[in-house]
Amino acid sequence: TLRSVVIGCGHSLPERVLTNAELSTMVDTSDEWIIERTGIRRRHIAAKEETTSVLATRAARAALASAGLSGPDIDLIIVATATPDYTFPAVATQVQAALGSHTGAAFDMQAVCSGFVYALTTADKFLAAGAARRALVIGAETFSRILDWTDRTTCVLFGDGAGAVVLEARRGDGELTDRGVLSTHLRADGRHLDKLFVDGGPSATATTGHLRMEGKEVFRHAVTCLAETIEETFRLTGVTADQIDWFVPHQANRRIIDATARKLGIDASRVVVTVEDHGNTSAASIPLALATACADGRIKPGQLVLIEAMGGGFTWGSALIRW
Ligand code: ACO
């Protein structure tokens, strides 16, 4: 069997940092409220020229460098994003051009905050089927562009950034001890558009629109849906919570992360949390957290890593990876 092995990761964050203190001069909020309800202390905000494709390309270059590869070594690029530079073409094609990689396929995936899990799952299917050899899977967002900066219930929650991993198809025995993506689970329930959406788009309004969210409703669904998909992962693979070396959840809110880990029985010492410094970067949050925990030496080859995310749609999913 062919397994998709993670052979590199990297990230990119805009230089500009927006603190809670600065936000509280813009809307009626406070550092205490934001930390207590979300765990967020600061977030990065992209400058005008730091578009999603620019951040995605920087993260991709970092991931390629860590794998000792360059653009032409890649034959599949998937960018998970809900904030592309343009309505079309896909950000992935811009990244491809910037990296000097002109063969293979490149496309974007739109599953909002679950985008990285959807993109990783898709890339894994390509590699496992022998349809590509090496894939760049990127999560990149500039949510600052679609926030209503007068709405304190949403503008304090999000940030900009990008993260990327390089996957390579390698032969394995199909064992749980083999390196690679071991198991992926995707779900969606399209009845919940009104709870989390952007009120603009090319076809409905011919505008870009702003993010709208019923935070309490999203919170309630998130914990239930995430626990359900992870329990399915455990059931189908036979892996148990105590075998997970690192739990790397989508970084939306500290309380959702803590509640999910507690529900699953994963100790807080094995949870990677970056929401403090990054805010919710949607599809970028998991690869940003993975790159952070690889760079600081927490995640090591051979370890068992569990990722999960939930986002607009609703969409949600999880993946188990032997790093
Ligand atoms: N500063 C100060 N007060 C605020 C702020 C703010 N930034 N935002 C809201 N409030 C007020 C509200 O107006 C409300 O006041 P009221 O009681 O006078 O009406 C009060 O604080 C409590 O508001 P709630 O919405 O009940 O607060 P809650 O504890 O639910 O926290 C939050 C809100 C943080 C949005 C929470 O519901 C949450 O995290 N939800 C999940 C959102 C999320 O993670 N979304 C992303 C997941 S999917 C994805 O990543 C796209």
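Where a number appears in this text, it was derived from the coordinates with a stated rule and is not lab data. Every value quoted in this text rests on a predicted model; they were computed, and no experiment measured them. FYI the Cβ positions are ideal-geometry reconstructions off the backbone, even for glycines, and counts take in every protein chain you see.
Please give, to one decimal in nm, the separation of the simple spin-label points placed at Arg270 and Glu214, each 7 Å out from Cα toward the Cβ.
Those two pseudo-labels are separated by 3.6 nm.
Okay, helix-only estimate at 222 nm for the chain: each DSSP H run of n ≥ 4 adds -39500 (n - 2.57), divide by all residues, round to 500 deg cm²/dmol; what do you get?
-9500 deg cm²/dmol, from helical runs alone.
Can you compute the FRET efficiency between Thr224 and Asp148 using 1/(1 + (r/R0)^6), with r the Cβ-Cβ distance and R0 = 35 Å? Round to the nearest 0.05.
Efficiency at R0 = 35 Å is approximately 0.80.
Let a ≥ b ≥ c be the square roots of the eigenvalues of the Cα gyration tensor of the chain; is it rounded (a/c under 1.5), or, if not, prolate (a/b larger than b/c) or oblate?
Because a/c hits 1.5 or more and a/b fails to exceed b/c, the chain counts as oblate.
Residue farthest toward the positive end of the dipole of the chain, with Cβ of Lys/Arg at +1 and Asp/Glu at -1: which of Val275, Leu136, Thr19?
Leu136
What's the extension gain from Glu32 to Thr1 if we count 0.36 nm per residue and subtract their Cα-Cα distance?
Extending this stretch completely gives an extra 6.0 nm.
Magnitude of the Cβ-charge dipole of the chain, K/R +1 and D/E -1, about the Cα centre, nearest 20 debye?
480 debye
Please work out the FRET efficiency for the pair Thr177 and Ala98, using the Cβ-Cβ distance as r and a Förster radius of 41 Å; give the result to the nearest 0.05.
Efficiency, from the Cβ-Cβ distance: 0.65.
Cα gyration tensor of region 100-248, axes a ≥ b ≥ c as square roots of the eigenvalues: rounded (a/c below 1.5), prolate (a/b > b/c) or oblate?
It comes out oblate by the Cα gyration axes.
What is the Cα radius of gyration of region 180-322 over 2.2 N^0.38 Å, N being its residue count?
Compared with the compact-globule rule of thumb, region 180-322 sits at 1.09.
Could you work out the local net charge near Leu176, counting Lys and Arg as +1, Asp and Glu as -1, over the other residues with Cβ closer than 12 Å to its Cβ?
Counting the neighbours of Leu176, the net charge comes to 0.
Take Ala128 and Lys48, extend 7 Å from each Cα along the Cα→Cβ direction, and tell me the distance between the two endpoints in nm.
A separation of 4.6 nm, rounded to one decimal place.
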